[in-house]
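Colleague: To start, I am sharing the structure in question, which I have written as structure tokens.
What follows is calculated from the coordinates using simple rules that are stated; it is not laboratory data. These numbers come from a predicted model, not from an experiment. Methodologically, a virtual Cβ is constructed for each residue, glycine included, from the backbone with ideal geometry; neighbour enumeration extends over all protein chains shown.
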Amino acid sequence: MTDIETDEINTTLAVGVSSCLLGKRVRFDGGHKHDRYIAEVLGKVFTFVPICPEVETGMGVPRETIDLHGTVEAPHLVGNETGADRTTMMNRYVARRVQQRDLARTCGFILKSQSPTCGLEKVRLYGSSGRISYRATGLFAMALSRRYPSLPLIEERSLCDTDTRDNFITRVYAYGRLRQLWCGKISFARLVEFHERERYMLMTHSSQRCQILDELLLTADKRRPAIVRDQYATMFMQALKRVHSS
Ligand code: SF4
């Protein structure tokens, strides 16, 4: 199954955002992390889909702080005062939530850094010996990237880097064009036409990956369209990804 939803596209692309970055008072202490660039600049370009998984799971505001414990591969979300383990509840919720229509139609996601729920990378993790490392991913970000591996994801702090930010925006638009392509019947002719239109942009990002996509299309008519579509989508989005960008 493709990770790209194929319903119709609005003229403005939908981008998911951790609610606190838009100024919503959803943080553990009743505060927010309003980000002016996101709210006032990107907000004019994209239609935001805000989400706060901690509030949506009923953890309330204010609430106790939580942290990740255990391993990078299977971290546990644990309350710092009560020691309550919220892992199962959160994992079950986000696995369902990422499939819902409002999130499934997003073409990118801006996530709050350092959060044990929304953080994409370098989230604090307490190992079994109590040793702290900064290598984990928050549970919501993990569910999102597993369900939609090609979806452009970024943390708000990475938007400060101009190249990384531009690359994210480029990928959001590219993802939107891919979704548009997948609307309607999958057709080899439409895919080839799309590839030709995107060739120049692909070449400027990675001529090597552009060639791999050329080769994929050379034998595409001998394979199942749905498989070719998924392979093309994955490789197309990888080709646009800037090294060190998420
Ligand atoms: S980081 Fe995510 S879970 Fe935490 S307050 Fe912001 S939106 Fe809610």
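Colleague: Could you tell me whether segment 132-187 comes out rounded, prolate or oblate from its Cα gyration tensor? Rule is a ≥ b ≥ c as square roots of the eigenvalues, rounded for a/c under 1.5, then prolate if a/b exceeds b/c, otherwise oblate. Don't skip to the answer; put the middle values down first.
Modeller: Values: a/c = 4.38, a/b = 1.53, b/c = 2.87.
Since a/c reaches 1.5 but b/c is at least a/b, the shape of segment 132-187 is classed as oblate.
Colleague: Run the helix sum for the chain: -39,500 (n - 2.57) per DSSP H stretch of 4+ residues, divided by residue count, reported at 222 nm to the nearest 500 deg cm²/dmol. Please report the intermediate quantities before stating the final value.
Modeller: Working: 8 runs with 95 residues, N = 246.
Computed ellipticity for the chain at 222 nm equals -12000 deg cm²/dmol.
Colleague: What's the extension gain from Gln180 to Ile212 if we count 0.36 nm per residue and subtract their Cα-Cα distance?
Modeller: Details: separation 32, 0.36 × 32 = 11.52 nm, distance 2.24 nm.
That pair, Gln180 and Ile212, stretches by 9.3 nm at full extension.
Colleague: Using a simple spin-label model with points 7 Å from Cα along the Cα→Cβ vector, what separation in nm is obtained for Ser187 and Ala84?
Modeller: Placing both labels 7 Å along Cα→Cβ, they lie 5.5 nm apart.
Colleague: For segment 14-160, with only Lys/Arg (+1) and Asp/Glu (-1) charged at the beta-carbon, what is the dipole magnitude about the Cα centre, in debye rounded to 20?
Modeller: Numbers: 21 positive and 14 negative charges, 63 e Å.
Magnitude of the dipole: close to 300 debye.
Colleague: What nm value, rounded to one decimal, do you get for the distance between His34 and Ile132 when each label is placed 7 Å out toward the C-beta?
Modeller: 2.9
Colleague: Where q = 0.13, 0.20, 0.24 Å⁻¹, what log10 of I(q)/I(0) comes from the Debye formula for segment 100-214, counting one point per Cα?
Modeller: -0.65, -1.15, -1.33
Colleague: Given 10 Å bins starting at zero, what is the percent of C-alpha pairs of segment 185-240 in each, up to the one with the largest pair distance?
Modeller: Percent of Cα pairs in each bin: 25, 60, 15.
Colleague: Would you mind telling me the antiparallel percentage of the DSSP bridges in the chain, rounded to 5?
Modeller: Values: 10 of 22 bridges.
Antiparallel bridges make up about 45 percent of those DSSP assigns within the chain.
Colleague: Here's another thing I want to ask about it. When only Cα pairs under 8 Å and 6 or more residues apart are kept, what is the percent relative contact order across segment 14-160?
Modeller: Working: 290 pairs, mean separation 33.3, N = 147.
Relative CO of segment 14-160 lands at 23 percent.
Colleague: Report the charge-dipole magnitude of segment 97-207 in Debye, nearest 20, computed about the Cα centre from +1 at each Lys and Arg Cβ and -1 at each Asp and Glu Cβ. Working shown, then result.
Modeller: Working: 19 positive and 10 negative charges, 93 e Å.
Result for segment 97-207 is approximately 440 debye, rounded to the nearest 20.
Colleague: For Cα pairs less than 8 Å apart in space and 6+ apart in sequence, what is the mean separation divided by the residue count of the chain, i.e. the relative contact order in percent? Kindly include the intermediate steps, with their values, before the conclusion.
Modeller: On the way: 405 pairs, mean separation 46.4, N = 246.
In percent, rounded to a whole number, it is 19.
Colleague: What does the charge add up to near Ile132, with Lys and Arg as +1, Asp and Glu as -1, over the other residues with Cβ less than 11 Å from its Cβ?
Modeller: Working: positive: Arg124, Arg131, Arg135; negative: Asp67.
Taking every Cβ under 11 Å from that of Ile132, the sum is +2.
Colleague: Express in nm, to one decimal, how much length is gained between Arg199 and Asp161 on full extension, taking 0.36 nm for each residue of separation and deducting their alpha carbon distance. Let's see the in-between values first.
Modeller: Details: separation 38, 0.36 × 38 = 13.68 nm, distance 2.61 nm.
Taking 0.36 nm per residue and subtracting the Cα distance, the gain is 11.1 nm.
Colleague: So for the chain, if I pair up every lysine 8 or more residues apart or on another chain, how many of those pairs have alpha-carbons under 21 Å apart?
Modeller: Value for the chain: 11.
Colleague: Same structure again: Which listed residue (Val45, Met142, Ala233) has the Cα farthest towards the positive end of the charge dipole for the chain, taking +1 on Lys and Arg C-beta and -1 on Asp and Glu C-beta about the Cα centre?
Modeller: Sorting the options by dipole projection puts first Ala233.
Colleague: Go ahead and set up a Gaussian network model of the chain, Cα springs under 10 Å, then flag whichever of Ser150, Ser128, Ser115 fluctuates most.
Modeller: Evaluated over the chain, the most mobile residue of the options is Ser128.
Colleague: Can you tell me the length gained on complete extension of the stretch Gln238 to Arg124, counting 0.36 nm per residue apart and subtracting the Cα distance? Intermediate values should be presented prior to the final figure.
Modeller: Values: separation 114, 0.36 × 114 = 41.04 nm, distance 2.71 nm.
Gain on stretching Gln238 to Arg124: 38.3 nm.
Colleague: In segment 14-160, if the dipole is taken from +1 on Lys/Arg beta carbons and -1 on Asp/Glu beta carbons about the Cα centre, which of Thr106, Pro62, Gly16 is farthest to the positive end?
Modeller: Going by the Cα projections, it comes out as Thr106.
Colleague: According to the Cα gyration tensor, what semi-axes, each the square root of 5 times an eigenvalue, does the equivalent ellipsoid of the chain have, listed from largest to smallest in whole Å?
Modeller: Computed over the chain, the values are 34, 19, 17 Å.
Colleague: Let me ask you something else. Run the dipole for the chain about the Cα centre, Lys and Arg Cβ at +1, Asp and Glu Cβ at -1, nothing else charged, and hand back the magnitude in debye, nearest 20.
Modeller: Numbers: 36 positive and 28 negative charges, 42 e Å.
So the magnitude is around 200 debye.
Colleague: On to the next question. In which sequence would Leu42, Leu218 go, from the one with the fewest C-beta neighbours within 10 Å to the one with the most?
Modeller: Details: Leu42 20, Leu218 9.
Fewest-to-most ranking of Leu42, Leu218: Leu218, Leu42.
Colleague: Counting pairs of Cα atoms in segment 14-160, how many percent are more than 28 Å apart?
Modeller: Numbers: 1415 of 10731 pairs.
Counting pairs separated by more than 28 Å, the tail of P(r) holds 13 percent.
Colleague: For the pair Thr47 and Arg92, what calculated FRET efficiency results from E = 1/(1 + (r/R0)^6), where r is the Cβ-Cβ distance and R0 = 25 Å, to the nearest 0.05? Intermediate values should be presented prior to the final figure.
Modeller: Working: r = 28 Å, r/R0 = 1.12.
Step by step, r from the Cβ atoms, then E = 0.35.
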